[in-house]
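A quick write-up on the structure given underneath.
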Amino acid sequence: MVSYKVTVATGKDLFSGTIDAISISLLGVNGESDQKKLSHLWFPGKVRTFDVTIEGDVGELLSVRLYKERNVLPISDAWYVQYIHVTSPEGKLYQFPVYQWISGQTNVLIPEGTASIRSTSNGDEQRTKELEKNRDVYKWKLYSPGAPYCIDADSVKNLPMNESFSLQKQISFLIGMNLVEIEIRLRGISKRTDSWGKLEDSKLLFFFNRTKISDEVFRIWKEDSFFGYQFLNGVNPMLIKKCIKLPENFPVSSSMVASSLGTSTDLVKELQNGNIFLVDYKILEGVPQNKLINKNPQYIAAPMCLLWKDPEDQLLPLAIQLIIPHLRYTLDINILARRKLIGPGGVFDKIIALGQAGISDLLKKAMQEVTYSGLCLPDDIEARGLEAIPNYYYRDDGRMIWEAMESFVSRMVRYYYKGDESVRTDPELQAWVAEIYEKGFLQHESSGIPSSLETVSSLVKYLTMVIFRCSTQHAAMNNSQSDFYTWMPNGPTTMKRPPLSAKGVTTLQTILDSLPDVNTTTRAQITVKGLSKEPKDQRRLGSYPDVHFIEETPQKFIQKFQEKLAEISEIINEKNQSRRLSYLYLDPKMTENAVSI
């Protein structure tokens, strides 16, 4: 008989405990022990230690198996386990990070926490079975033709419990959305279907839900320099690129922009000097539209905008053409978005001109334009010719974070993968990359997205891209919405009139006639406010409270990464002291580890 000490930690959330009967078996190099009962009463936040005696010696421990079975009561509840520690008779400590919900009547295999990589020559039968089990849980389905596949779950209720919002996050998310809606309802305008009488009236939408930046946007939104600024540091800093040659479908002549450029230069010279930039929304051309909101048809445009970097380093509009009308909580928020935001009868049906067909068509077009270089910040900046343009805070702050991530990922990867061969022969890694290429990027060879990885360096770049896109990139485009769109005329969600085709005929009244109705504006504002405010249960960039890496060296890598992020945060805050508008969106202290809102 061999005796072990088994320590089990239950999560701290209110409903983390269980009354189900919990048993355990130990798996070692010599086999698996019999199932041993631990307890049937587990309270939140408690750490309990048990003496477990088994027959025979299972040898060096590889994993433990938890059994969750219904007790005498006819009910069963989920149980959140943080970790399991097992001390052998010789005093050796084995750590088993869990950090997951266990629900229903089941058994779960928990591997020992020392990380290792698999290869085609050292297959693990237990691990293979676990992967097959997960494939049955996490299934793909087609969202719409040409769009990336998504998880096969029609509602957040169908998600595995480990992918769903925590109770704290659910409550704070709902409260945040409802408080915004309550403020609008108290102002008595949420049901008005008429147009705004004056532009200034839309500022009265909010009293409490405003920021210093949103108030400054209201003050300067008509300035040409602020118009250009938003292409660099606004909600979407990813479209602008240097213009070397004017597009054929943008017939702008030097005489047309002479008054903006002044007498000391002309359009040809500025193109040659690299001071002309282009924003092209051609992706919106031909997207189905003319959907009704408040019984009125709606319109969108597919504009092109030419901008000039003047001698004072301001980015100013030269010409605008309107040719044609126009991996934490991520699964949960994506399902909510597909159902509540872009799904039939969702918010978008009430605030934008695109119907379901338009959204599907837009997704298909977007997928055809995705490139691997466009997903990697340094490559993307270079491809768009924006290495030197001044006041591009998204680029400057983003580069610091990309480099910190790349350094962190490189250390972690090279600690475990000792050479290129170990990357090529890791079946789980290669299967993961291949599945993303197939289901996420639809096997588009022209995109340059890798379908396999051959070197350690390629793995470092790929993982850096994934982490950056799911954290920093999302923060840049999501967290800025409230600041720039609280003042509705700066970012209307739809147009009630088609774009004017003649130059010089726009008046204040034609603008008012084109802007969304009052209730459409209020719905859009509720959405923007709700999506810009991160609910509780946050995990900031570099924060890893669940200890999945138990070895000392990886923990030092994590600490160094956290220290670097803290340094970057200080640099960003110092820079913001001299910026006309603070650029807060890439501050690591304000960035989530994952897409969770």
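The values are calculated or read from the model by the stated rules, or taken from the named source; none is laboratory data. The structure displayed is predicted, hence computed values, not measured ones. All Cβ positions, even for glycine, are placed from backbone atoms using ideal geometry, and neighbour counts span all protein chains on display. The accessibility values were calculated without ligands, DNA or RNA, using every heavy atom of the protein model including side chains. Shrake-Rupley method; radii C 1.70, N 1.55, O 1.52, S 1.80 Å.
Would you point out which residue out of VAL47, VAL52 is aliphatic (A, V, I, L, M), modelled with pLDDT under 95, farther than 19 Å from THR106 by Cβ and touching a strand residue (DSSP E or B) at 6+ places or on another chain (Cβ under 8 Å)? Can you show your working first?
Values: VAL47 fails: modelled with pLDDT under 95.
After ruling out the rest, the residue left standing is VAL52.
Restricted to segment 25-43, and to residues that are in a strand (DSSP E or B) and within 19 Å of ASP77 (Cβ to Cβ), which residue is farthest from the chain's Cα centre (by Cα)? Explain how you work it out, then say what you get.
Quick first cut of segment 25-43, residues in a strand (DSSP E or B) only: 25-28, 31-32, 36-39, 42.
Of the ones still in play, those that are also within 19 Å of ASP77 (Cβ to Cβ) are 37-39, 42.
Working: LYS37: 42, LEU38: 40, SER39: 40, TRP42: 35 Å.
Top of the filtered list is LYS37.
Just to verify a result, which residue in segment 146-200, among those that are among the β-branched types (Val, Ile, Thr) and part of a loop (DSSP other than H, G, I, E, B), is most open to solvent (accessible area, probe 1.4 Å)? Give the derivation first.
From segment 146-200, those among the β-branched types (Val, Ile, Thr) are 151, 156, 171, 175, 180, 182, 184, 189, 193; that's our starting set.
Among the residues that remain, those that are also part of a loop (DSSP other than H, G, I, E, B) are: 189, 193.
Working: ILE189: 22, THR193: 80 Å².
Selected residue: THR193.
Out of all the residues in segment 201-221, is one or more open to solvent by 30 Å² or more (accessible area, probe 1.4 Å), assigned to a loop (DSSP other than H, G, I, E, B) and within 19 Å of LEU315 (Cβ to Cβ)? Working first, answer last.
Of segment 201-221, the ones open to solvent by 30 Å² or more (accessible area, probe 1.4 Å) are 201, 203-204, 207-212, 215-216, 218-219, 221.
Adding the requirement that they be assigned to a loop (DSSP other than H, G, I, E, B) leaves 207-211, 221.
Imposing the further condition that a residue be within 19 Å of LEU315 (Cβ to Cβ) reduces the set to 221.
Yes, segment 201-221 contains a residue that is open to solvent by 30 Å² or more (accessible area, probe 1.4 Å), assigned to a loop (DSSP other than H, G, I, E, B) and within 19 Å of LEU315 (Cβ to Cβ).
Do you know which residues across segment 4-44 are open to solvent by 20 Å² or more (accessible area, probe 1.4 Å) and charged (D, E, K, R)?
LYS5, LYS12, ASP13, GLU32, ASP34, LYS36, LYS37
Would you check which residues across segment 299-309 are open to solvent by less than 10 Å² (accessible area, probe 1.4 Å) and assigned to a loop (DSSP other than H, G, I, E, B) and list them?
ALA302
Is it true that GLY491 is under 27 Å from the mean Cα position of the chain (by Cα) and closer than 27 Å to ILE220 by Cβ?
Values: under 27 Å from the mean Cα position of the chain (by Cα): yes; closer than 27 Å to ILE220 by Cβ: yes.
So GLY491 fits the description; yes.
Pick from LYS129, LYS141, LYS92, LYS133: which is basic (Lys, Arg) and within 30 Å of ASP361 (Cβ to Cβ)? Give the steps one after another, and end with the answer.
On the way: LYS129 fails: within 30 Å of ASP361 (Cβ to Cβ); LYS92 fails: within 30 Å of ASP361 (Cβ to Cβ); LYS133 fails: within 30 Å of ASP361 (Cβ to Cβ).
One residue alone meets the criteria, LYS141.
Go through segment 396-444 and give me each residue that's of a type in the set (Lys, Arg), over 25 Å from MET367 (Cβ atoms) and not in a loop (DSSP other than H, G, I, E, B).
If we filter segment 396-444 for residues that are of a type in the set (Lys, Arg), which is where we start, we get 399, 411, 414, 418, 424, 439.
The next check asks that each one be over 25 Å from MET367 (Cβ atoms); those that pass are 399, 411, 414, 418, 424.
Within segment 396-444, ARG399, ARG411, ARG414, ARG424 meet the criteria.
Tell me which residues, restricted to segment 445-460, are in contact with a Ser or Thr (Cβ under 6 Å, 6 or more places away or on another chain) and either loosely packed, with under 14 Cβ neighbours inside 10 Å or assigned to a loop (DSSP other than H, G, I, E, B) (or both). Walk me through how you get there before you give the answer.
Just the residues of segment 445-460 that are in contact with a Ser or Thr (Cβ under 6 Å, 6 or more places away or on another chain), to begin with: 447-448, 460.
Once the filter is applied, which keeps residues that are in contact with a Ser or Thr (Cβ under 6 Å, 6 or more places away or on another chain) and either loosely packed, with under 14 Cβ neighbours inside 10 Å or assigned to a loop (DSSP other than H, G, I, E, B) (or both), segment 445-460 yields only GLY448.
For the subset of segment 127-145 comprising residues that are among the hydrophobic types (A, V, I, L, M, F, W, C) and either open to solvent by less than 30 Å² (accessible area, probe 1.4 Å) or part of a helix (DSSP H, G or I) (or both), which member is farthest from ALA78 (Cα to Cα)? First the steps, then the outcome.
Step one: list which residues in segment 127-145 are among the hydrophobic types (A, V, I, L, M, F, W, C), which gives 131, 137, 140, 142.
Checking which are either open to solvent by less than 30 Å² (accessible area, probe 1.4 Å) or part of a helix (DSSP H, G or I) (or both) leaves us with 131, 137.
Working: LEU131: 22, VAL137: 17 Å.
Among them, the one singled out is LEU131.
Of everything in segment 266-298, what is within 21 Å of GLY228 (Cα to Cα), polar (S, T, N, Q) and assigned to a loop (DSSP other than H, G, I, E, B)? Give them in sequence order. First the steps, then the outcome.
Residues of segment 266-298 that are within 21 Å of GLY228 (Cα to Cα), as a first pass: 266-284.
Add one more test, that the residue is polar (S, T, N, Q), and what stays is 272-273, 275.
Within segment 266-298, ASN273, ASN275 meet the criteria.
If you take just the strands (runs of 3 or more DSSP E) that sit entirely in segment 48-110, which of them hold at least 1 residues that are of a type in the set (Asp, Glu) and at negative phi? If you could, list the steps in order and put the result at the bottom.
On the way: elements: 61-69, 79-87, 93-102.
Ranges flagged: 61-69.
Being part of a loop (DSSP other than H, G, I, E, B), touching a helix residue (DSSP H, G or I) at 6+ places or on another chain (Cβ under 9 Å) and loosely packed, with under 15 Cβ neighbours inside 10 Å is the filter here; which residues of segment 248-265 pass it? So that I can check it myself, show each step before the final result.
In the first step, residues of segment 248-265 are kept if they are part of a loop (DSSP other than H, G, I, E, B); the result is 248-253, 262-265.
Then keep just the ones that are touching a helix residue (DSSP H, G or I) at 6+ places or on another chain (Cβ under 9 Å); that gives 249, 252-253.
The answer is ASN249, SER253.
Could you list, in sequence order, all residues of segment 62-90 that are open to solvent by less than 10 Å² (accessible area, probe 1.4 Å) and of a type in the set (A, V, I, L, M, F, W, C)?
Of everything in segment 62-90, those that are open to solvent by less than 10 Å² (accessible area, probe 1.4 Å) and of a type in the set (A, V, I, L, M, F, W, C) turn out to be VAL64, LEU66, TRP79, VAL81, ILE84, VAL86.
Taking only pairs six or more apart or across chains, which ones have beta-carbon atoms under 8 Å, a first residue in segment 421-449 that is on the phi > 0 side of the Ramachandran plot, and a second residue that is part of a helix (DSSP H, G or I) and open to solvent by 40 Å² or more (accessible area, probe 1.4 Å)?
Every condition considered, the pairs that remain are GLY448/SER373.
How many of the residues in segment 388-421 are under 25 Å from the mean Cα position of the chain (by Cα), open to solvent by less than 50 Å² (accessible area, probe 1.4 Å) and of a type outside the set (Val, Ile, Thr)? If you could, list the steps in order and put the result at the bottom.
Let us first name the residues in segment 388-421 that are under 25 Å from the mean Cα position of the chain (by Cα), namely 391-413.
Filter once more, keeping what is open to solvent by less than 50 Å² (accessible area, probe 1.4 Å): 392-398, 400-402, 404-405, 407-410, 412-413.
Going one step further and asking which of them are of a type outside the set (Val, Ile, Thr), we end up with 392-398, 400, 402, 404-405, 407-408, 410, 412.
Matching residues across segment 388-421 total 15.
When you look at GLY385, is it open to solvent by less than 20 Å² (accessible area, probe 1.4 Å) and on the phi > 0 side of the Ramachandran plot, yes or no?
Taking the combined requirement at face value, the residue satisfies it.
Taking segment 361-382, which residues are in contact with a Phe, Trp or Tyr (Cβ under 9 Å, 6 or more places away or on another chain), surrounded by 19 or more Cβ atoms within 10 Å (Cβ to Cβ) and part of a helix (DSSP H, G or I)?
LEU375, LEU377, ILE381
Which pairs turn up if I take residues in segment 266-295 that are farther than 27 Å from VAL518 by Cα and look for partners that are open to solvent by less than 80 Å² (accessible area, probe 1.4 Å) and part of a helix (DSSP H, G or I) with beta carbon separation below 6 Å, at least 6 apart in sequence or on another chain?
Here the result reads ASP266/SER254; LEU267/SER254; LEU267/VAL257; ILE276/GLU270; VAL279/PHE231; ILE283/LYS365, each pair linking segment 266-295 to a residue that is open to solvent by less than 80 Å² (accessible area, probe 1.4 Å) and part of a helix (DSSP H, G or I).
Of all residues in segment 486-508, which are assigned to a loop (DSSP other than H, G, I, E, B) and open to solvent by 80 Å² or more (accessible area, probe 1.4 Å)?
Of everything in segment 486-508, those that are assigned to a loop (DSSP other than H, G, I, E, B) and open to solvent by 80 Å² or more (accessible area, probe 1.4 Å) turn out to be ARG497, LEU500, SER501, LYS503, THR506.
Looking only at segment 462-485, which residues are open to solvent by less than 10 Å² (accessible area, probe 1.4 Å) and among the β-branched types (Val, Ile, Thr)?
Of everything in segment 462-485, those that are open to solvent by less than 10 Å² (accessible area, probe 1.4 Å) and among the β-branched types (Val, Ile, Thr) turn out to be THR464, THR472.
Inspect all residues belonging to segment 517-532 and state whether any of them is at pLDDT 85 or above, more than 26 Å from TYR394 (Cα to Cα) and part of a loop (DSSP other than H, G, I, E, B).
yes
Which of the residues spanning segment 1-24 are of a type in the set (Ser, Thr, Tyr) and assigned to a loop (DSSP other than H, G, I, E, B)?
Our first condition is that a residue be of a type in the set (Ser, Thr, Tyr); within segment 1-24, this holds for 3-4, 7, 10, 16, 18, 23.
SER16 - this is the single residue of segment 1-24 that is of a type in the set (Ser, Thr, Tyr) and assigned to a loop (DSSP other than H, G, I, E, B).
Give me the residue from segment 223-247 that is among the hydrophobic types (A, V, I, L, M, F, W, C) and open to solvent by less than 50 Å² (accessible area, probe 1.4 Å) and, out of that set, farthest from THR371 (Cα to Cα). Talk me through it step by step, then tell me what you get.
At the first step, the residues of segment 223-247 found to be among the hydrophobic types (A, V, I, L, M, F, W, C) are 226-227, 231-232, 235, 238-240, 243-244, 246.
Checking which are open to solvent by less than 50 Å² (accessible area, probe 1.4 Å) leaves us with 226, 231-232, 235, 238, 240, 243, 246.
Details: PHE226: 29, PHE231: 20, LEU232: 20, VAL235: 20, MET238: 13, ILE240: 16, CYS243: 20, LEU246: 23 Å.
Checked segment 223-247; the qualifying residue farthest from THR371 (Cα to Cα) is PHE226.
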